[in-house]
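This report concerns only the one structure given below.
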Amino acid sequence: MKTDGSEKGRILALELEKLYPDSKCALEWGQDPWRLLVMGRLSAQCTDARVNIVCRDLFVKYPTAKDMADCELTELEEIIKPCGLFHTKAESLRESARIICEKYDGRIPDTMEELLELPGVGRKIANLVLGDIYGIPGIVADTHCMRICGRLGFYPDGQKDPVKTEKIMGKEIPSAYQTDTCHRLVNFGRDLCSARNPDCDKCPEGIRNICKAYKN
């Protein structure tokens, strides 16, 4: 086990592990790398729950990257419309599918640099893919991660720059825990540390002890 990260970051990771021992991605991707990439793209400004519902029909029609690369754009748009931003998302998904088929023979790339070349894929999605598929540590700086880690005092509360969050928390959370901790932060944010009404009384004592917002 690596011993990198800060003491506070290690405490957070271990406390969340106790709270959510069976951590997993909220997206129901079925251990199919292609599905995880697509669902990560659709989750932009959309809930994971809605993405899961929409993708049940989506992957029946387009089960592989090849299927989506050859699709009619209007048909793809119609299916993913409930996820919002469907014109942009459909175009980027079809183009990403084409690149994956032509350049990578259907395999999802395994480096940050290659993933970022895919249309619509930013560092958040890339870290999700690298962590869940290839076991490469990284911080998925989604809204839950940014909000909670700001409240805890890892950086100024209200900071909403995902790249800054990724860089800061990448040094705070031990690398061996980074992928699972990000998934657990999603659960924690939904269950206890919500945006409007954090339930501090039910928060584990170990997390309250390191929480700047709670102390204040």
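Taking the stated definitions as given, is C101 in the same structural domain as D48 (by TED's automatic domain parsing), touching a helix residue (DSSP H, G or I) at 6+ places or on another chain (Cβ under 9 Å) and either among the hydrophobic types (A, V, I, L, M, F, W, C) or under 30 Å from F188 (Cβ atoms) (or both)?
In short, yes.
Determine if region 86-97 includes at least one residue that is charged (D, E, K, R), under 18 Å from the mean Cα position of the chain (by Cα) and either farther than 27 Å from M112 by Cα or surrounded by 18 or more Cβ atoms within 10 Å (Cβ to Cβ) (or both).
Checking region 86-97: at least one residue is charged (D, E, K, R), under 18 Å from the mean Cα position of the chain (by Cα) and either farther than 27 Å from M112 by Cα or surrounded by 18 or more Cβ atoms within 10 Å (Cβ to Cβ) (or both).
I'd like to check something: does region 152-162 contain any residue that is farther than 20 Å from A49 by Cβ, in a helix (DSSP H, G or I) and at pLDDT 95 or above?
Yes - at least one qualifying residue is present in region 152-162.
Scan (1) in contact with a helix residue (DSSP H, G or I) (Cβ under 9 Å, 6 or more places away or on another chain); (2) part of a helix (DSSP H, G or I); (3) of a type in the set (K, R) for the single condition R107 breaks and write down its number.
Every condition holds for R107 apart from (2).
Restricting to region 173-212, count the residues that are closer than 15 Å to G150 by Cα, among the aliphatic types (A, V, I, L, M) and assigned to a helix (DSSP H, G or I).
The total comes to 3.
Inside region 14-59, can you point out the residues that are within 17 Å of S175 (Cα to Cα) and touching a Lys or Arg at 6+ places or on another chain (Cβ under 8 Å)?
L16, E17, S23
Kindly check whether there is at least one residue in region 92-101 that is in a loop (DSSP other than H, G, I, E, B) and basic (K, R). So that I can check it myself, show each step before the final result.
From region 92-101, those in a loop (DSSP other than H, G, I, E, B) are none; that's our starting set.
No.
Considering each residue of region 6-28, count those that are part of a loop (DSSP other than H, G, I, E, B) and without any contact (Cβ under 8 Å) to a residue 40 or more places away in the chain, and give that number.
Residues meeting the conditions: 4.
What pairs can you find where one residue is in region 154-179 and among the small types (G, A, S) and surrounded by fewer than 16 Cβ atoms within 10 Å (Cβ to Cβ), the other is part of a helix (DSSP H, G or I) and modelled with pLDDT under 95, and their Cβ atoms are less than 8 Å apart, with a gap of 6+ or different chains?
The qualifying pairs do not exist here.
The values are calculated or read from the model by the stated rules, or taken from the named source; none is laboratory data. The shown structure was predicted, so the numbers you read here are calculated from the model rather than taken from an experiment. In this analysis, Cβ positions are derived from the backbone assuming ideal geometry, glycine residues included, and neighbour counts consider all displayed protein chains.
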